[in-house]
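Asker: So that we are looking at the same thing, I have put the structure below in structure tokens.
Bear in mind these aren't lab numbers, they're just calculated from the coordinates by the rules spelled out. Please read these numbers as outputs of a predicted model, since none were measured by experiment. Because the Cβ atoms are built from the backbone with ideal geometry, glycine has one as well, and the counts that use them run over all protein chains shown.
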Amino acid sequence: MSSLEQTLSIIKPDAVERNLESEIKEMFKNKGFKILKEKKIQIDKSEAEKFYKIHETKPFYNDLCTYLSSGPIVVMTLERENAVLGNRELMGATNPQDAIEGTIRKKYGISIDKNSVHGSDSIENAKIEIDFFFKD
Ligand code: IDP
Ligand code: MG
């Protein structure tokens, strides 16, 4: 069974900094994703801490939040059939070294922390994350 879904994607600072925004959007479009909403913003550290709250007990939490707030990011609502899982597949493994050919992280990721993209990991979290960035 498939169903039309929305997911949140972020092009992270390392990719925006290398001007990879249009290449990455092209990869989404080629896989059938529609970009419903998008904005380029820079968030402050406290917003990054809120966004990544699920990871607050992890040893990398502080560095992760410093990093996400270190430069401009592009946040997008993507829509497609099975968008959540489809985006996770297109992104590839968290560590670019483990990502398979054809994925965004394989192509553009630098390291486990500078891995170029974020994508929601469940339908429930996608709703929360879309609201986080796009609720009026
Ligand atoms: P995901 O982005 O593939 O969903 P998560 O486990 O949700 O991966 O972790 C969120 C982000 O935290 C990752 O994208 C990565 O940038 C960073 N991260 C995850 N694990 C590590 C680690 O072991 N060391 C440093 N950074 C990490
Ligand atoms: Mg995650």
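Asker: Counting other C-beta atoms within 10 Å, and keeping those with at most 13, which DSSP coil trypsin sites (Lys or Arg not before Pro) do you find in region 81-136?
Answerer: Details: sites: Arg88, Arg105, Lys106, Lys107, Lys114, Lys127, Lys135; in loops: Lys114, Lys135.
Passing both the DSSP loop test and the Cβ count: Lys135.
Asker: With a cut-off of at most 12 other beta carbons within 10 Å, and DSSP calling the residue loop, which GluC sites (Glu not before Pro) in region 1-94 qualify? Please list them.
Answerer: Values: sites: Glu5, Glu17, Glu21, Glu23, Glu26, Glu38, Glu47, Glu49, Glu56, Glu79, Glu81, Glu89; in loops: Glu56.
Sparse-neighbourhood loop GluC sites (Glu not before Pro): Glu56.
Asker: Also, I was wondering about something else. Using a ≥ b ≥ c from the Cα gyration tensor of the chain (square roots of the eigenvalues), is it rounded, prolate or oblate, where a/c under 1.5 gives rounded and otherwise the larger of a/b and b/c decides, a/b for prolate?
Answerer: Working: a/c = 1.41, a/b = 1.17, b/c = 1.21.
The shape class here is rounded.
Asker: Then there's this: Convert each backbone phi in region 128-136 into a coupling constant with the Karplus relation 6.51 cos²θ - 1.76 cosθ + 1.60 (shift: θ = phi - 60°), then list the ³J(HN,Hα) values in order as whole Hz, x for Gly and Pro.
Answerer: In residue order, the calculated couplings are 4, 6, 5, 4, 4, 9, 10, 5, 5 Hz.
Asker: Which pairs in the list Lys25/Lys135; Lys29/Lys58; Lys107/Lys135; Lys25/Lys50; Lys40/Lys106 are over 29 Å apart, alpha-carbon to alpha-carbon? Before the final figure, lay out each step's value.
Answerer: On the way: Lys25/Lys135 22 Å; Lys29/Lys58 33 Å; Lys107/Lys135 32 Å; Lys25/Lys50 26 Å; Lys40/Lys106 23 Å.
Beyond 29 Å: Lys29/Lys58; Lys107/Lys135.
Asker: So who's got an amide H within less than 5 Å of the one on Lys37, skipping anything under 5 residues away but keeping other chains? H placed 1.01 Å off N, in plane.
Answerer: Thr77
Asker: Okay, next question. 222 nm [θ] for the chain, helices only, -39500 (n - 2.57) per DSSP H run of 4+, per residue, to 500? Could the numbers behind the result be given before it?
Answerer: Numbers: 7 runs with 56 residues, N = 136.
That comes out to -11000 deg cm²/dmol.
Asker: In whole Å, what is the distance between the alpha-carbon centres of region 2-50 and region 59-136?
Answerer: First find each Cα centre; the distance between them is then 8 Å.
Asker: Same structure again: For a test of the definition: using alpha carbon positions, the gyration tensor, and the 1.5 limit on a/c, classify region 35-112 as rounded, prolate or oblate.
Answerer: Working: a/c = 1.78, a/b = 1.24, b/c = 1.43.
Since a/c reaches 1.5 but b/c is at least a/b, the shape of region 35-112 is classed as oblate.
Asker: Moving to a separate point now. Is region 8-48 best put as rounded, prolate or oblate by its Cα gyration tensor, with a ≥ b ≥ c the root eigenvalues, rounded for a/c under 1.5, and otherwise prolate when a/b is larger than b/c, oblate when not? Don't jump to the answer; show the numbers that get you there.
Answerer: Numbers: a/c = 2.86, a/b = 1.60, b/c = 1.79.
It is oblate, given that a/c is not under 1.5 and a/b is not larger than b/c.
Asker: Return, for the Cα atoms of region 91-136, the radius of gyration and Dmax in Å, separated by a comma.
Answerer: When restricted to Cα atoms, region 91-136 yields Rg and Dmax of 12.6, 38 Å.
Asker: For the residues Glu124, Glu129, what sequence is obtained by ranking on other C-beta atoms within 10 Å, fewest first? The partial results should precede the final answer.
Answerer: On the way: Glu124 10, Glu129 23.
Ordered from fewest to most neighbouring Cβ atoms within 10 Å, Glu124, Glu129 come out as Glu124, Glu129.
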